[in-house]
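This report concerns only the one structure given below.
Read the figures in this text as sums done on the coordinates, not as results from a lab. Predicted model, so just to flag it, every value in this text is computed and none were measured. Because the Cβ atoms are built from the backbone with ideal geometry, glycine has one as well, and the counts that use them run over all protein chains shown.
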Amino acid sequence: MENKALTAALARAGFDDRYYALCERYPAGSKRCGVSATKDDVAAALRTAGARYTYDPRDRSFRIDPRHVNGLAWHGLFVKQQGGALDLILHGEAPDAPSYTAGGSFALLAEQVARARGGAAGCSARYPRPCYNNDPELLRAIACDFVRLYRECLEAIAASEGSFALVEPDCLPAFCAAPFSWAALR
């Protein structure tokens, strides 16, 4: 489900254009090195980018730079797919309600932002993702660009005047207008 406050914050930062430009800089190509990057290769690329990270072997993802911004605990996810494509993800969750999340893949967020700005997706690919084509130098460059764009997203969220509330106020019936606490339900 789209979080309108997040979409608005990312729109003000021009997130869609920046993400589509990143995908265009690193398109899927025909070059294949034969051996995909290892977990250690990705870790080295993220260190080069100056990111703090933890590795999750369950889904082979790297969680980067966790931070609390506007009431949510945010982190980026860097997920290497077979063939050299990368999924870049922005994820936020409420500390007192981990089932409430905001964010999504950069590809989906860029599409939502483009739609909110009244335009079409600025990339010809149906689900645009940067691709390192099994090239370690491209992997390092993409990691640096991803970390930079992720941090810019957090800055946009921090500067946002929108609410990242668990429910939008106009969705509440009148009898639910009282302040809500997840802790009260425990």
Quiz item: Restricting the search to the stretch 9-26, which residues are farther than 17 Å from Tyr127 by Cβ and not basic (Lys, Arg)?
Solution: Ala9, Leu10, Ala11, Ala13, Gly14, Asp17
Practice problem: Mind listing just one residue for me: the one in the stretch 146-155 that is buried (at least 19 other Cβ atoms within 10 Å of the Cβ) and in contact with a helix residue (DSSP H, G or I) (Cβ under 8 Å, 6 or more places away or on another chain) and, of those, farthest from Gln82 (Cα to Cα)? | Solution: Cys153
Quiz item: Checking Pro66 against (1) farther than 13 Å from Cys153 by Cα; (2) surrounded by fewer than 19 Cβ atoms within 10 Å (Cβ to Cβ), which single condition isn't satisfied?
Solution: (1)
